[in-house]
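These notes are about the structure you will find just below.
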Amino acid sequence: TFLPRLYSGMQPSADSLHAGNYIGAILQWKKLQSSHDALFSVVDMHAITVPQDPTELREKTRRTAAQYIAAGIDPASSTLYVQSHVPAHAELAWVLNTITGFGEAGRMTQFKDKSQKQGADATSVGLLAYPVLMAADILLYKADVVPVGDDQKQHVELTRDLAMRFNSRFGDTFVLPRPVIQKETARIYDLQSPGSKMSKSTDSTAGVVWLLDEPGVTAKKIMRAVTDNDGVVRFDRESKPGVSNLLTIFSVLSGRSIETLENEYAGRGYGDFKKDLATVVVDEFEPVRARTLELLDDPAELDRLLAINADRASEIAEQTLATVYERIGF
Ligand code: ADP
Ligand code: NA
């Protein structure tokens, strides 16, 4: 049977995924993997657009892959692989670089933000070409559907532009992908500063719940989450960002609606609410943590799985690349 193809990925930029990655990305992937021919990549080639320690990068890459699997991405039915294991990504990216305008790449919001922060000399050409590599990731597999956070939407639009440009110059080759933007209800905020989204790259990680945190640490972070003084468990993103964020996490992980939760905790204050939330989060994350550690304990088996999956990805990617090379005159 024909299933639409889906491509998504995540950078191996921390030792552990956080609750935002899990709720915003992994849970969605898990849901979509049965109705799609899905590829999920650990994009280590994207990660090196900023300086990385080699030993740490290799370790983070394996840990990220292990967490995908532990969280329920099935490496038998989905293709779960490490980007650098499939050389076609770099090869197609080079071709696409040659049809991308310098100004066009320079106008990408994420590049502008990051390069302004770093300064021109600390900014690599790789960072400028990051969205072009992402276009290659997607187009290699002729993905129909690309789940992304809204910060990546512009990159999927560039991908579509490059696909159309290539198709019109060299003949119909690429499929135009459709971004699936993560729902606002799946956005998780920092427990200590609920005005900003939970991120691995914040200065203090006191408000970041890591998937691989020990249960006691997770519970403590939730009990210490910033709330407000009115003691009412009610969803109001504007004036009660802390409580609203906890309600989102509670609702997503328990499958109970925000309204149900508001009613259940009416007149009970934040203590009970946080304690129950801590239980829900620990019950969800603890098996994933345990399974991740198991997978990391058997490096040969993890490597075997990743190698099989990289072969599967390569098979598709090499076909696309061969067509591209033929069309451009190689
Ligand atoms: P980070 O912001 O921690 O660096 P990434 O940008 O690498 O995370 O995002 C990896 C994936 O996780 C993307 O699909 C992104 O949309 C999702 N994601 C990251 N942070 C959050 C969050 N706070 N809430 C929901 N989803 C998130
Ligand atoms: Na699938």
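The values are calculated or read from the model by the stated rules, or taken from the named source; none is laboratory data. Not measured: the values here are computed from a predicted model. Methodologically, a virtual Cβ is constructed for each residue, glycine included, from the backbone with ideal geometry; neighbour enumeration extends over all protein chains shown. For accessibility, only protein heavy atoms count, side chains too; no ligands or nucleic acids. Shrake-Rupley method; radii C 1.70, N 1.55, O 1.52, S 1.80 Å.
In the condition set (1) among the β-branched types (Val, Ile, Thr); (2) within 16 Å of ligand 1 (Cβ to nearest atom); (3) more than 20 Å from Gln319 (Cα to Cα), Thr123 is compliant with all but (2). So is Val252 at pLDDT 95 or above, open to solvent by 40 Å² or more (accessible area, probe 1.4 Å) and out of contact with any Phe, Trp or Tyr (no Cβ under 7 Å at 6 or more places or on another chain) or not? Yes; evaluated as a whole, the condition is true for this residue.
Do we have Leu306 as open to solvent by less than 50 Å² (accessible area, probe 1.4 Å) and either in contact with a Cys (Cβ under 6 Å, 6 or more places away or on another chain) or within 14 Å of Val82 (Cα to Cα) (or both) here? Even if it seems obvious, please write down each step before you answer.
Numbers: open to solvent by less than 50 Å² (accessible area, probe 1.4 Å): yes; either in contact with a Cys (Cβ under 6 Å, 6 or more places away or on another chain) or within 14 Å of Val82 (Cα to Cα) (or both): yes.
Judged against the criteria, Leu306 is a match.
Taking the criterion of being closer than 21 Å to Leu211 by Cα and within 15 Å of ligand 2 (Cβ to nearest atom), the residues of segment 37-89 that qualify are Phe40, Ser41, Tyr68, Ile69, Gly72, Ile73, Asp74, Pro75, Leu80, Tyr81. Among the residues of segment 1-10, the one identified as surrounded by 23 or more Cβ atoms within 10 Å (Cβ to Cβ) and near ligand 1 (Cβ under 8 Å from one of its atoms) is Ser8. Scanning segment 195-217 for residues that are open to solvent by less than 30 Å² (accessible area, probe 1.4 Å) and either polar (S, T, N, Q) or within 11 Å of ligand 1 (Cβ to nearest atom) (or both) yields Met198, Ser199, Gly207, Val208, Val209. Any idea which residue in segment 155-180 is surrounded by the fewest Cβ atoms within 10 Å (Cβ to Cβ), counting only those that are assigned to a helix (DSSP H, G or I) and in contact with a strand residue (DSSP E or B) (Cβ under 9 Å, 6 or more places away or on another chain)? Once the filter is applied, the top-ranked residue is Glu157.
With respect to the conditions (1) touching a residue at least 12 places away in the same chain (Cβ under 8 Å); (2) not in a loop (DSSP other than H, G, I, E, B), Arg58 lacks only one, and its number is (1).
Identify all residues within segment 170-198 that are closer than 30 Å to Ile99 by Cβ, hydrophobic (A, V, I, L, M, F, W, C) and in contact (Cβ under 8 Å) with a residue 24 or more places away in the chain; write none if there are none. Full working, then the answer.
Initially, segment 170-198 is screened for residues closer than 30 Å to Ile99 by Cβ, giving 170-182.
Still in the list and also hydrophobic (A, V, I, L, M, F, W, C): 170, 174-176, 180-181.
Within segment 170-198, Phe170, Phe174, Val175, Val180, Ile181 meet the criteria.
Applying the criterion of being in contact with a helix residue (DSSP H, G or I) (Cβ under 6 Å, 6 or more places away or on another chain) and of a type in the set (A, V, I, L, M) to the residues of segment 247-266, the residue that is nearest to Met223 (Cα to Cα) is Leu247.
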